[in-house]
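Where a number appears in this text, it was derived from the coordinates with a stated rule and is not lab data. Keep in mind the model is a prediction, meaning the values are calculated, not measured.
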Amino acid sequence: MAEKVSVYEVGPRDGLQNESIILPAETRIELVRRLTKSGLKNIEIGSFVHPKWVPQMADTDAVARDLDHTSDMAYWALVPNAKGLTRAIEAGVTHVAVFMSSSETHNQRNVNRSIAESLEGLSEVITAATSQGCTVRAYISTVFGCPYEGDVDFDRVLEIGDKLLEYGAFQISLGDTTGMGQPIQVGENSKRAVEQWGVDKVAIHLHDTQGLGQTNAFAAYLEGVRNFDSSVGGLGGCPYAPGAPGNLGTEDLLNLLHSIGADTGVDATEIAKTSEWLRSSIGFNIKSRIQL
Ligand code: HMG
Ligand code: MG
């Protein structure tokens, strides 16, 4: 029996948020529709953050309103706070992702809060979301290194994750926000996370800054991780993290997973066609490693 592996697509959010081309809602909706056709079951469609901070995500309300949130698809939206949650729920969203960093400086620059303030705020946001019937996923950023502070103590990551799960998040996504992770470190820490929380509660969110995204994904896979985030065509990064171009590309992740016989349920050719559409019709400077 092939190992089942879940792929969580972040291109329409983490990808687009870091591109200088700002897409209108209709094009973002078209992107989500094309990705849905590939067999993905989890797609992060945008964020409800402050439009002044991330103008690329200003129209997420319109994107969310156009999608069917009652289907078997999970269309996720990133929310930073109570205001973001209210906007998401008003737009029909039922799957929300919250986020905070495991390093103080990155958290301050990203959400203008200390770690303690974020934990307090997210406790309320997660409680409010779950009590209104939403499923909540929680990202912890900078888990394998912070661009401002350097090394991050993984004990602190586990402590933050414990709290977010206790508040009601169903899964923790370990964010290598600027792609500083290295394979042995990623493998060892993935193992600790899987041991502490169990396989279903651990996801890994890799960025390919150093070209180690695929290798780090394999290191995590070997230590039991079965939930992976990736971005079509390798779009994306974090606008408040210098040196964070490129999430791990969905094509690269699929190439890896399919080559080792894992079952993702995702059609890699459809993903590659979407990358080609983003390149040729929309003008993004991306390249798919899957030949059409
Ligand atoms: P703040 O200025 O501290 O917010 O920003 P505030 O609570 O003090 O409110 C100030 C004003 O913002 C108020 O308006 C609020 O209503 C408004 P005013 O009264 O002045 O007119 N406001 C909002 N407006 C719209 N939507 C909202 C919202 N909240 C407050 N949700 C805030 C705090 C978090 C909003 C801001 O810092 C922000 O938007 N940051 C954006 C952060 C971001 O999007 N970062 C990228 C995503 S995270 C990421 O990429 C990492 C990840 O991929 C994992 C990984 O790679 O590690 C997930
Ligand atoms: Mg990211």
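Overview of results
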read-out: Karplus-derived 3J(HN,Hα), 6.51/-1.76/1.60, for each residue of the range 144-153, Hz, glycine and proline x; value: 10, x, 10, x, 9, 10, x, 4, 10, 6
read-out: Amide hydrogen neighbours beyond the local backbone of Gly246, cut-off 5 Å, H modeled; value: Gly236, Gly237
read-out: All-pairs alpha carbon distance profile, the range 90-154, 10 Å steps from 0, percent; value: 21, 45, 26, 8
read-out: Percent of beta bridges antiparallel (DSSP, the chain, rounded to nearest 5); value: 5
read-out: Calculated log₁₀ intensity ratio I(q)/I(0) where the Debye formula runs over C-alpha points of the chain, q = 0.11, 0.16 Å⁻¹; value: -0.56, -1.32
read-out: Whole-Hz ³J(HN,Hα) from phi, Karplus 6.51 cos²θ - 1.76 cosθ + 1.60, for the range 4-15, glycine and proline x; value: 7, 10, 9, 10, 10, 8, 10, x, x, 10, 5, x
read-out: Axial C-alpha extent at least 15 Å, average Kyte-Doolittle at least -0.5 - helices from the chain (DSSP); value: 115-131, 154-167
read-out: Value of Rg to Rh for the range 1-61 (Rh from inverse mean 1/r over Cα pairs, i.e. Kirkwood); value: 1.06
read-out: Over the chain: helical MRE at 222 nm, DSSP H runs n ≥ 4 each giving -39500 (n - 2.57), nearest 500; value: -12000 deg cm²/dmol
read-out: Long-range lysine pairs (8 or more apart or interchain), the chain, Cα under 17 Å; value: 8
read-out: Interchain or long-range residues, amide H under 5 Å from Leu40's placed H; value: Asp267
